[in-house]
Amino acid sequence: MAWLDAGEGYEVTLGEGGRVVARRTGGRELKTVPKALRDDPGVDRLRRLSEWLDRHADACVAQVDAWMVSSLPVPTALIARVWPDEAWRSALRDMAVVGDDPDEVGFLRDVSEDGGLKVVDLDGETVRMAPRTVTVPHPVLLPDLDDVREFAAELGITQRVEQIHRATWTRPETHPENATEVRDYAGGKFASRFGLAARATGLGYRVSGGYATCKVRDGGRDTEASVWIGEPYWDGESETGGLGWHDEEGRAVRLDGVGPVAWSEGMRMAAALYAGRTIEEGGNA
């Protein structure tokens with residue numbers, strides 16, 4: 001970013017990490033912003049710009065995460081349109097994408113001048129991909145995920161959005177007849193219901209009534225996973241309850257009808273909540 005005249009013989013700009021930095025006109029950067037500039041309108045505008053850029057970067061990451069969790073088709077033209085934006089590019093770069101052939105997986109590295117996507121395929125070759133839409137797949141849908149992870153490590157892939165190394169759970173093939181609840185992560189004790197709810201929201205989950213929830217679009221339908229966390233107006237000791245799934249009409253879904261992404265994301269939420277439980281000395285609860 002260019003240096004801006006701040007008067008008093010100083011110039012200011014946004015430095016690394018969005019920090020406002022100052023210098024004497026044409027000179028070297030100063031270690032701190034001089035006291036005379038701290039209330040300067042130009043410095044204040046830069047601070048607000050930095051805050052906006054942080055929010056924008058977070059919004060880009062959240063959007064790419066939503067595409068991935070729901071495995072939604074994303075227009076290739078849209079990716080090309082937003083690619084010049086550093087925040088979008090940071091969120092999208094190195095994400096695994098799939099084109100028309102579900103077996104053709106590649107890591108997004110760049111966008112060509114004609115709007116095609118440059119990806120590194122699983123043979124290590126840089127190829128051009130130009131389907132009308134691409135999918136940013138949830139890792140549980142990727143074939144040979146362990147091999148993909150190993151190859152990503154060899155390439156030095158780093159992702160702003162947790163995809164390749166996202167914790168995944170595979171639904172067991174058999175369940176008790178008509179079962180609608182999993183209790184693998186039930187019984188995690190917390191000092192207060194408020195603390196448990198705060199953990200849920202801090203992890204990015206929605207708290208509605210007595211439940212922590214996450215909604216996933218899996219196989220073309222919306223499914224909501226929910227974990228009981230206690231009565232909303234109770235602030236005494238609380239503990240995690242069972243994990244269940246509901247369809248768009250609010251009906252409980254039997255475990256054998258839960259899709260692979262909804263299952264994995266629901267279990268991921270339940271495990272993350274349970275991980276924050278109070279550990280009693282000499283015990284596991």
Completion exercise
From the option list GLU224, GLU239, single residue qualifying as among the charged types (D, E, K, R), open to solvent by 10 Å² or more (accessible area, probe 1.4 Å) and in contact (Cβ under 8 Å) with a residue 24 or more places away in the chain is GLU239
Problem - Test for ASP103: is it closer than 27 Å to ARG268 by Cα, modelled with pLDDT of 90 or more and assigned to a loop (DSSP other than H, G, I, E, B) - result: no
Practice task
Evaluate the stretch 29-49: report whether one residue or more is in contact with a helix residue (DSSP H, G or I) (Cβ under 8 Å, 6 or more places away or on another chain), surrounded by 12 or more Cβ atoms within 10 Å (Cβ to Cβ), modelled with pLDDT under 80 and of a type in the set (Gly, Ala, Ser).
Solution key: no
Practice task
Would you check which residues across the stretch 166-219 are open to solvent by 60 Å² or more (accessible area, probe 1.4 Å), free of Cβ contacts under 8 Å to residues at least 12 places away in the same chain and among the small types (Gly, Ala, Ser) and list them?
Solution key: GLY202, GLY204
Practice task
Among the residues of the stretch 42-84, write down those that are of a type in the set (Asp, Glu) and farther than 30 Å from THR168 by Cα.
Solution key: ASP44, GLU51
Completion exercise
Residues of the stretch 102-126 being open to solvent by less than 80 Å² (accessible area, probe 1.4 Å) and of a type in the set (Val, Ile, Thr), in sequence order, are VAL105, VAL111, VAL119, VAL120
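The values are calculated or read from the model by the stated rules, or taken from the named source; none is laboratory data. Given the structure is predicted, the values throughout are model-derived calculations rather than measurements. When we count neighbours, we look across all protein chains shown, and the Cβ atoms used for this are built from the backbone with ideal geometry, even at glycine. Please note that ligands, DNA and RNA were not included when accessible areas were found on the heavy atoms of the full protein model with its side chains. Shrake-Rupley method; radii C 1.70, N 1.55, O 1.52, S 1.80 Å.
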